[in-house]
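Written below as C-alpha cells is the structure these notes are about.
The values are calculated or read from the model by the stated rules, or taken from the named source; none is laboratory data. All of these numbers come straight from a predicted model, not from anything done at the bench. A quick note on method: Cβ atoms are made from the backbone with ideal geometry, for glycine too, and the neighbour counts reach across all protein chains shown. The accessibility values were calculated without ligands, DNA or RNA, using every heavy atom of the protein model including side chains. Shrake-Rupley method; radii C 1.70, N 1.55, O 1.52, S 1.80 Å.
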Amino acid sequence: MTKAFLHSFAAFALALLALGATPAHASKDVVFAVASTFTTTDPYDANDTLSQAMAKSFYEGLFGFDKDMKLIPVLADSYTVSKDGLVYTIKLKKGIKFQDGTDFDAEAVKVNFDRVTNPENHLKRYGLYSIIAKTEAVDAHTARVTLKEPFSAFINDLAHPSGVMISPAALQKWGSKGIAFHPVGTGPFRFVEWKQPDYLKVAKFDGYWRKAYPKVDSITWRSVVDNNSRAALMQTGEAQFTFPVPYELAGVLKAKPGLELVAAPSIVLRYLSMNTLQKPFDNPKVREAIAYAINKQALAKVAFNGYAAPADGVVPDAVEYSVKLGPWPYDVAKAKKLLAEAGYPNGFETELWSAYNYSTAQKVSEFLQQQLQQVGIRTKITLLEAGQRVEKVESWQDPKTAPVRLYYVGWSSSTGEADWALRPLLYGDSWPPKLFNTAYYRNAQVDADIKGALATTDKLQKAKLYRDAQERIWKDAPWAPLVTEKLLSAHSRNLSGVYVMPDASFNFTDIDLK
Amino acid sequence: MSATSAGSHERMRTPWSEFWRKFRRQKIALVAGAFVLLLVVVAIAAPWIVPYDAETYFDYDALNAAPSLAHLFGVDSLGRDIFSRIVMGARISLAAGFLSVAAGSIVGTILGLVAGYYEGWSDRIIMRICDVLFAFPGILLAIGIVAILGGGMANVIAAVAIFSIPTFARLVRGNTLALKHLTYVEAAKSLGASDRTIILRHIFPGTISAVVVYFSLRIGTSIITAASLSFLGMGAQPPMPEWGAMLDAARSDMLVAPHEAIFPALAIFLTVLAFNLLGDGLRDALDPKIERL
C-alpha cells in the first residue's frame, strides 16, 4: 500500500518535472513586477514615472536617455538650433514604421506636438511643452520647431519620457482620450491588453526598426502594490524583474541564488524643506542648525538600509550642471549654538510633515524627529497621503497662511538637467500652487541665475550661472539636504538588459532572457 | 444548586460575597482577571518599569537586534527598545479601552434609561439612531468617524466611544422596560416620587450588573478597534508606542526581524483575550439566569 503510494507519488513528481522543464525554443516571456498601478498608457497625460517607463514598451521619442541618463537621439537623427535659440530643426531617421504599418515622418512630429500644446486637450504634460510656438514639417524627414522664447534645455524636454511619437492614424481613429487604451507607437513591442489594475501585456513588434530587436517575445507588466508580495513573486520565479525592492528586503533577495540585486545610482534627492516665510524658519541660523542636527549617514543606514548616500548638494550628482557642495556636516554642538544665537536655546515645537506615507518615509520622519529632539526641537509628525499633500501643500493658495513648516519630500529631475532640478523647487516664482517651492524661498540673484541660464545656449556660461545659483542656495539653506537614494531592483540571473535609470524610469532596449 | 436556598445557619450573603462565591469558581476567568490586574499595575507603574525611554532612546548600532538581556524584546528598526515601548503601550491601550468604553457606556446608559422609561417619541428617535449605527460593521463605523474627526489618539477614543453607545443604550433600555413595571417601581411612583428619583434610585441600580458585564466584554473589542485604527495609520501618531502602530511599522521588517511584529501582536492578543475571558466570567457570575439553568 505504502509502496504503491510512493510509486504513484514519484510518477506524479516526474510528471511535474517534465511539465516544468523548458523546451529549447520556448517563447521568451518576461514578467515585470512593479509597485503601482498604471495611471494611463499615454505618456503625455502621465504624471508618474512608472506609467511613462511602461509606455516605453510601445513608444519612443525623438530623443531619449541611455541607461546612464546620457542624452541620445532615438527617432531623430540630428538637430540644429538657430542663433537666437528659437528655431530647432530636427532631422529624422528614415524607414521607421509605426506598429499599425503607417510611416513615421515629420508630419507625425507635428501632429504630436500640436496635440500636447493645444490646451483644449488638457494633457498633464502640457506645461513641459507649452514653450513650443509652432511645429512644421519641412519635408518628410525634417521637422522645424519654433519656441516662444529661447529655452536651452529644450532637447532635454524632448528626451523626457513623456515626449513620445504616437501614430497619427491611431490618434485619428481613437481620439485624444481613446488613444490611452489603444497605444500605437514605433517601439519594440506592440500593445496587447491592459487588465486594470492587474497587468498590462505587450508582445514583440516584428516590424521594429532596430534589426534583431527586441530579443524577447513579450513583457507582462504586473502591478503588485504590496512589498512582501512583490518580493515573493521574485523568490518563486513568477517574475523576472522587480522594482522597487523595499530596502528592508534587500538582504532577503540578495541571499536567494538565481536572483541578482542591483543598487543603481539615482537623481532622486531627499530633503527637508523649511518654510522660510514663517518663524522661526525665517532665521537662517535656525535653518542651518536643523541641517547640522541631522546625521545623514545614520539616516541612510536607518531608513534606507545603507542604500543611500548623504546629499552632496542641492542638485544630485548625475544631473547635468550639478555642483558638489557637501555633504552638510553633522554637528550637534554647532546646531545648539546656532539655535541659542537665534534666540531658541531650548529649541521650539513645530510640525514635521512627510509628503508620503509609505514605510520608508515613516522611518525617515521618525528618524528626523529623533535627531531634532537632540537639539531641543520637538516635532509633531504627520504622514500626508496624496490627497492631503495636494490640499495642504501643493495647491495652497496664499503663501502667507501656508501651514507647511518642516516638509520631508523628494524630487527626481527627469530631464537630467539642472533647470528642472532648480526652477520648480527654488525659483522665486515657483511657490505653490504654481510649482513646488515648498520652502517659499526667494533669492533675487538665484532667480536671475536660473533665468539667465535658460536664455543662454552657451554651455560655459550656463555652468557658471548654475554654479552660482547652487552655491547661494546652499548658503541660504532653505532645505536641509538629506540623501540621494539608491534605486534597488532585482532580476533573475537569466534576464539581462533591464536597467533602472537614475530618474527611476526603466531602460530595456537590450532585454534578453536566456 | 442547593447552595442558593439560603440556610439559616449561614451568615447573611451580601451581593458582593454572592458574586465572589460564583466568580472564584471560574478558574479561567480568575487567571484572566489576574492578568488584567497585572496589566493595570504595569500600565500605572510603566514609567518606573521601563529600562529605556520608549520614545527618545535609540541605538543605531543595534538596529533590528533580536531579543537579548539588554533588550528583552529586541530592538526595532529605529533603534528603540521594544520592551519599553510595549510597557508604555499598555498605558495607551488600556487608557484607550477604558476611556472609550466608559464614555460610551455613560452616554449609552443615559440614553437607554430615557428611552426605556419615557418610551414614546424619545424612545423611537433614540432607537432609530441606534439602529442606523448598528447597521454599520463596527470597524467601518469607527473609520468613518475618524475620517470625519481627523486622526490622532483622542479622536480614536471618541470614535470607539461613539460606536459603543448603541449597544449600551439598547441593553439598558431593555432592562429599564422590564424594571419599570415591577411592583416596587410602581409603589415608588404612587408615593409621588419624581421621574428623576425613580430612574436614578430604583431603575438604574437594576441595570448595573448588565452594564458591568457588557463593559468588561466591550473593553477587549475597544482595545482591538483602537489598535486597528492605529495600524491603519489613523490613530496614534509616531513616535507614540501604540501597539497597533508598532505592528504596522514592523510590517516592512517582518521578514528580517520578526520579533518586531511578534511582541506587539502578542500584547494585543493576550490583552484582548484576557478582557474577553474576564467578561465571560463576570457574566456567568452576575447573570441570575445562568444559575437557574
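Observations on the model:
- Residue tally, condition more than 24 Å from A:A264 (Cα to Cα), open to solvent by 10 Å² or more (accessible area, probe 1.4 Å) and touching a helix residue (DSSP H, G or I) at 6+ places or on another chain (Cβ under 7 Å), over the stretch A:62-78: 0
- Count of residues meeting criterion [farther than 14 Å from B:I223 by Cα, touching a helix residue (DSSP H, G or I) at 6+ places or on another chain (Cβ under 8 Å) and surrounded by 16 or more Cβ atoms within 10 Å (Cβ to Cβ)] in the stretch B:104-132: 15
- Checking each residue in the stretch A:426-437 for being open to solvent by less than 10 Å² (accessible area, probe 1.4 Å) and under 17 Å from A:W353 (Cβ atoms) picks out A:P432, A:N437.
- Among the residues examined, A:K91 does not qualify as in contact (Cβ under 8 Å) with a residue 24 or more places away in the chain, more than 20 Å from A:T457 (Cβ to Cβ), surrounded by 15 or more Cβ atoms within 10 Å (Cβ to Cβ) and not hydrophobic (A, V, I, L, M, F, W, C).
- Filtered by the rule that a residue be in a loop (DSSP other than H, G, I, E, B) and either within 10 Å of chain A (Cβ to nearest Cβ) or among the hydroxyl-bearing types (S, T, Y) (or both), the stretch B:233-253 gives B:G233, B:Q237, B:P238, B:P239, B:M240, B:S252, B:D253.
- Residues that are touching a Gly at 6+ places or on another chain (Cβ under 9 Å) and within 28 Å of A:E320 (Cα to Cα) were ranked within the stretch A:266-295; the one that is nearest to the other protein chains (Cβ to nearest Cβ) is A:R270.
- Scanning the stretch A:247-288 for residues that are open to solvent by 40 Å² or more (accessible area, probe 1.4 Å), of a type in the set (K, R) and touching an Asp or Glu at 6+ places or on another chain (Cβ under 7 Å) returns a single hit, A:K285.
- The listed residues are A:Y466, A:Y440, and the only one of them that is farther than 26 Å from A:A289 by Cβ, open to solvent by less than 60 Å² (accessible area, probe 1.4 Å) and modelled with pLDDT of 95 or more turns out to be A:Y466.
- If the condition is being free of Cβ contacts under 8 Å to residues at least 60 places away in the same chain and touching a Lys or Arg at 6+ places or on another chain (Cβ under 9 Å), then the stretch A:123-140 contributes A:S130, A:I131, A:I132, A:A133, A:K134, A:T135, A:E136, A:A137, A:V138, A:A140.
- Residues located in the stretch B:41-64, provided they are more than 14 Å from chain A (Cβ to nearest Cβ) and β-branched (V, I, T): B:V41, B:V42, B:I44, B:I49, B:V50
- If you check A:D398, A:D449 for being within 29 Å of A:S82 (Cα to Cα), without any contact (Cβ under 8 Å) to a residue 60 or more places away in the chain and among the acidic types (D, E), only one passes: A:D449.
- Selected residue (criterion: farthest from the chain's Cα centre (by Cα)) from residues of the stretch B:245-276 that are open to solvent by 30 Å² or more (accessible area, probe 1.4 Å), closer than 17 Å to B:F73 by Cα and in contact (Cβ under 8 Å) with a residue 24 or more places away in the chain: B:V256
- Search result, residues across the stretch A:100-132 that are open to solvent by 40 Å² or more (accessible area, probe 1.4 Å) and either part of a loop (DSSP other than H, G, I, E, B) or modelled with pLDDT under 95 (or both): A:D100, A:G101, A:T102, A:D105, A:N118, A:P119, A:E120, A:H122, A:K124, A:Y126, A:G127
- Test result for B:R170, part of a helix (DSSP H, G or I) and touching a Cys at 6+ places or on another chain (Cβ under 8 Å): yes
- A:S430 away from every other protein chain (no Cβ under 12 Å), among the hydroxyl-bearing types (S, T, Y) and farther than 29 Å from B:A236 by Cβ: yes
- Looking across the stretch A:464-488, the residues that are closer than 28 Å to A:V500 by Cβ and of a type outside the set (V, I, T) come down to A:Y466, A:Q470, A:W479, A:A480, A:P481, A:L482, A:E485, A:K486, A:L487, A:L488.
- Residue that is farthest from the other protein chains (Cβ to nearest Cβ), among those in the stretch A:349-381 that are open to solvent by 50 Å² or more (accessible area, probe 1.4 Å) and farther than 27 Å from A:N228 by Cα: A:E349
- Helices (runs of 4 or more DSSP H) completely within the stretch A:149-265 that count 3 or more residues being more than 14 Å from every other protein chain (Cβ to nearest Cβ) and under 23 Å from the mean Cα position of the chain (by Cα): A:154-159
- Selection status of A:A298, of a type in the set (A, V, I, L, M), within 14 Å of chain B (Cβ to nearest Cβ) and not in a strand (DSSP E or B): yes
- B:L78 being within 14 Å of chain A (Cβ to nearest Cβ) and within 21 Å of B:V256 (Cβ to Cβ): yes
- Selection within the stretch A:316-374 - β-branched (V, I, T) and either closer than 21 Å to A:L269 by Cβ or modelled with pLDDT under 95 (or both): A:V319, A:V323, A:T360, A:V364
- Taken residue by residue, the stretch B:199-222 has no member that is assigned to a loop (DSSP other than H, G, I, E, B), over 15 Å from B:T109 (Cα atoms), open to solvent by less than 30 Å² (accessible area, probe 1.4 Å) and modelled with pLDDT of 90 or more.
- Scanning the stretch A:382-391 for residues that are more than 10 Å from every other protein chain (Cβ to nearest Cβ), among the aliphatic types (A, V, I, L, M) and not in a loop (DSSP other than H, G, I, E, B) yields a count of 2.
- Residues of the stretch B:32-41 that turn out to be more than 11 Å from B:L273 (Cα to Cα) and among the β-branched types (V, I, T), as a count: 2
- The stretch A:487-502 residues that are open to solvent by 10 Å² or more (accessible area, probe 1.4 Å), paired with ones that are of a type in the set (F, W, Y) and modelled with pLDDT of 95 or more (beta carbon under 7 Å, 6 or more apart): A:H491/A:F241; A:V498/A:F241
- Output for the stretch B:254-290, where each listed residue is among the acidic types (D, E) and within 14 Å of chain A (Cβ to nearest Cβ): B:E260
- Inspection of the stretch B:53-72 finds no residue satisfying the criterion of being open to solvent by less than 30 Å² (accessible area, probe 1.4 Å), under 23 Å from B:I219 (Cα atoms), under 31 Å from the mean Cα position of the chain (by Cα) and touching a residue at least 40 places away in the same chain (Cβ under 8 Å).
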